[in-house]
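Reading through the structure tokens given below for one structure.
The values are calculated or read from the model by the stated rules, or taken from the named source; none is laboratory data. Please read these numbers as outputs of a predicted model, since none were measured by experiment. Don't worry about glycine lacking a Cβ; one is built from the backbone with ideal geometry, like all the others, and counts go over all protein chains shown.
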Amino acid sequence: MIVQRQRPPRKNPLQRTAAPLQPPARRSRAAQGLTRAAAQGQFALHTCQACQAVSYPPRDACPKCLSENLIVAPVPNGGTILSVTTIQISGEPYFRRLVPARQALIALDCGPTIVAEVRPDCAAGIRVRASLQLDKAGQPVIYARPEHGDANSDSDPHWRELVADPLHRRCLITDGRNPVALPLAKALLAAGAAKVVVGISERWKPFAEAAKLEALGSVELVDLDLADDQSVSALASDYGAKTDILLHTALHLRPGSVFSGAELLKARDAMEVSYFGALRLAHHFGPVMRSRGADRDNSAAAWVNLLSIFAHLSWPGFAAYSATQAASLSFSQALRAEMRGSGVRVLDVFTGPMEIDWLEHLPPPKVQPSAVANEIVAALKGGEEERWVGDVAKDFRERFTANPKEIERDLWQQ
Amino acid sequence: MTMNEPTSPIALMTAALASGKVRVVDLTQTLEPGGPTIVMPPELGQSWPVRIEPISRYDDSGPAWYWNNISFGEHTGTHLDAPIHWITGRYLPHNSVDTMPTSLMVAPACVIDCSAESATDADFLVTVDFVEKWEAQHGRIPPGSWVLLRTDWSLKRGAAYANLDDTGAHTPGPDAELMRWLVEERDVLGVGTETIGTDAGQGGHLDPPYPAHHYLHGAGKYGLQCLAKLDALPAKGALIIAAPLKIREGSGSPLRVIALVED
């Protein structure tokens, strides 16, 4: 039976807020090969194209045949623990807060014997599952937990350092009018979020979902107009230091052509809420979230940007929308760089066309807002930095990575 | 009369203002973000609401000074509609705010109180019959006057002010025949309201649709909307000063509307 961690006690206002510290962040270029897999929640290691040997830690040449032809490829994540070491004292300021730490020698089924951080209930001889995670420095590390037993590692403070679990956290959804907002609030609360604050723009306009959101309990509807600096500033004054997970869900999707005179206005309106809205949020919420990255168990943990796959490639017929998504992706990269060292994870969630009224002319497959919501929560719980939701998005990722011109031409045919 | 007593109209007015015999009443809503604006279906072009973005506020962007960039649609907050705003007024001379004769920017007002009716019926339509009863009490509406419909709607805020539901806005306004009559039979300067438009919230379902816009602007007349404090004005006798920004070919403009009221 899973015993859920109790809600942390309220903060002692007489104590200094712990400043964020980082684990050692130096990695070789070869080691960065694991970062993408860790960011996307995959288990992949360097695999020799010549002899198929899997190696870890990352090297520039295969330790078996010395070939330099190594790729990072998905591998089975099972293994057997050979021995476990408990570290009681560390010289690293970051780890001094976290000792004791347990590290194990693990014989992976895919070949290499590795040293990895393990859950406290791991012991020599037991079977484990390894996962690639991003640590507080944003660098890839391996964590292992027992193959059988509790699938939830939340009881381990070392695991909690690697993820942005909504459990007991206070979340802010910035655009409550996005159809994702209601299922997202539900999913966050189901994951144990302490509170979900939902921003609603122009509350003088009727909003049918308001009653449904309020009926969830632990949901607070607040005025938030992402296009209005004063509105964002006012909300940050109240909730800035109480936002642990910020979910930027701005949606302003209008069809349009670059040849249309109306496009300029549409692009501005869309940029106001998506990209400029993100900048306003960063200005008013960013600094305090960054400073609260190590604020005990309900620290600031994550900033989620809900993006379209068309951030990568303009969608014919949706020029302004695609541009806002591209700008928002650039924002997200800038934010991640600025948040480095704070412990606040910046998560990009890419979706294909969603099942919303603006896109009713599109045939399936379209991704359901509830699926997006559930995958956002799963990505937070897994500590990911990038999640592609739905078959369309996953197909896009593969084809765009392989040959962007192929998928560009294919979009012309649709 | 002594040598020192003023005799010129302006000197008399100056003295009256100084003595408080003539008061200045502000009929303007504060231009601020978050205020309701006209709503169009989202696939159509949208008017910008009020935005105020700080340039600097005694900070690292400007240590000793505070200023903002502001943006808004021409039809935001307390604003004036010029004839060019509506298709019926598109070919008229001097139909935009920059060419509006300045002599029309100071004009008398007739204030028709329909606040009681509006309080019980959000879709209340003011009729010719209603205004004729007002005339029976206060005299005929003089040509060149503003006709201001007092509904006390400006006391409402936010959602109650916009009063939107699934069938659109529900706010009081003039009916179609009244608009034709005010323009053709009374030659008014224009019509002013406390609501978001000169037309009723459901005015799009009248014949012709949006009769206030249709008749006023087709005849080179003006609209004032989102006015406030009409309850502070007498039925007759107030002098309205309403000078829009001189926007080139502007279809309208937010403006400060003030009334001179004699005590």
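In this structure, does A:VAL372 turn out to be at pLDDT 95 or above and touching a helix residue (DSSP H, G or I) at 6+ places or on another chain (Cβ under 6 Å)? No, not satisfied.
The residues of the range A:180-207 that are assigned to a loop (DSSP other than H, G, I, E, B) and within 14 Å of chain B (Cβ to nearest Cβ), listed by number, are A:SER201, A:GLU202, A:ARG203, A:TRP204, A:LYS205, A:PRO206, A:PHE207. The set of residues from the range B:106-117 being free of Cβ contacts under 8 Å to residues at least 60 places away in the same chain and farther than 15 Å from B:VAL191 by Cβ comprises B:ALA116, B:GLU117.
Kindly indicate whether any position in the range B:153-160 is away from chain A (no Cβ under 14 Å) and on the phi > 0 side of the Ramachandran plot. Checked against the condition, which is being away from chain A (no Cβ under 14 Å) and on the phi > 0 side of the Ramachandran plot, the range B:153-160 yields no hits at all. Set side by side, the residues A:LEU359, A:LEU347 differ, and just one is touching a residue at least 12 places away in the same chain (Cβ under 8 Å), among the aliphatic types (A, V, I, L, M) and loosely packed, with under 15 Cβ neighbours inside 10 Å, which is A:LEU359. Kindly evaluate A:LYS195 against the criterion of being basic (Lys, Arg) and crowded, with 18+ Cβ neighbours inside 10 Å. Considered against the rule, which asks whether it is basic (Lys, Arg) and crowded, with 18+ Cβ neighbours inside 10 Å, A:LYS195 comes out as yes. The residue list A:SER299, A:SER291, A:SER308, A:SER260 contains one member that is more than 29 Å from A:GLY192 (Cα to Cα) and either crowded, with 23+ Cβ neighbours inside 10 Å or over 15 Å from the mean Cα position of the chain (by Cα) (or both), which is A:SER260.
The single residue among B:LEU31, B:LEU44, B:LEU17 that is surrounded by 14 or more Cβ atoms within 10 Å (Cβ to Cβ) and at negative phi turns out to be B:LEU31.
The residues in the range A:60-77 that are free of Cβ contacts under 8 Å to residues at least 24 places away in the same chain, in contact with a strand residue (DSSP E or B) (Cβ under 6 Å, 6 or more places away or on another chain) and within 17 Å of A:THR113 (Cα to Cα) can be counted, and the count is 2. Would you point out the residue of the range B:128-152, among those that are in contact (Cβ under 8 Å) with a residue 40 or more places away in the chain and of a type in the set (Lys, Arg), that is farthest from the other protein chains (Cβ to nearest Cβ)? Applying the filter and picking the extreme gives B:ARG140. A single entry from A:GLY317, A:GLY277 fulfils the requirement of being closer than 30 Å to B:ILE52 by Cα and touching a Ser or Thr at 6+ places or on another chain (Cβ under 9 Å): A:GLY277. Taking the criterion of being more than 9 Å from chain B (Cβ to nearest Cβ), part of a helix (DSSP H, G or I) and touching a Leu at 6+ places or on another chain (Cβ under 9 Å), the residues of the range A:261-281 that qualify are A:ALA270, A:VAL273, A:PHE276, A:GLY277, A:ALA278, A:ARG280, A:LEU281. Here is the figure for the range B:161-172: residues that are within 12 Å of chain A (Cβ to nearest Cβ), among the hydroxyl-bearing types (Ser, Thr, Tyr) and closer than 24 Å to B:GLY190 by Cβ total 1.
Is the range B:187-199 home to any residue that is modelled with pLDDT of 95 or more, surrounded by fewer than 21 Cβ atoms within 10 Å (Cβ to Cβ) and of a type in the set (A, V, I, L, M, F, W, C)? The answer is no; no qualifying residue exists.
For the range B:64-92, how many residues are without any contact (Cβ under 8 Å) to a residue 60 or more places away in the chain and in contact with a Ser or Thr (Cβ under 8 Å, 6 or more places away or on another chain)? Number satisfying all stated conditions: 4. Scanning the range A:20-51 for residues that are of a type in the set (Gly, Ala, Ser), loosely packed, with under 14 Cβ neighbours inside 10 Å and within 23 Å of the chain's Cα centre (by Cα) gives a single hit, A:ALA25. Residue count for the range A:208-254 satisfying the condition of being within 14 Å of another protein chain (Cβ to nearest Cβ), surrounded by fewer than 18 Cβ atoms within 10 Å (Cβ to Cβ), assigned to a loop (DSSP other than H, G, I, E, B) and touching a strand residue (DSSP E or B) at 6+ places or on another chain (Cβ under 7 Å): 0. Looking at the range A:129-136, can you tell me whether even one residue there is in a loop (DSSP other than H, G, I, E, B), surrounded by fewer than 19 Cβ atoms within 10 Å (Cβ to Cβ) and either within 14 Å of another protein chain (Cβ to nearest Cβ) or charged (D, E, K, R) (or both)? The answer is no, given that none of the residues of the range A:129-136 is in a loop (DSSP other than H, G, I, E, B), surrounded by fewer than 19 Cβ atoms within 10 Å (Cβ to Cβ) and either within 14 Å of another protein chain (Cβ to nearest Cβ) or charged (D, E, K, R) (or both). Among the residues making up the range B:30-82, those that are touching a strand residue (DSSP E or B) at 6+ places or on another chain (Cβ under 8 Å), under 18 Å from B:GLU194 (Cβ atoms) and away from every other protein chain (no Cβ under 12 Å) are B:LEU31, B:HIS75, B:THR76, B:GLY77, B:THR78, B:HIS79, B:LEU80, B:ASP81. Considering only the range A:364-414, how many residues are more than 16 Å from A:ARG36 (Cβ to Cβ), of a type in the set (D, E, K, R) and within 19 Å of the chain's Cα centre (by Cα)? Number of matching residues: 3.
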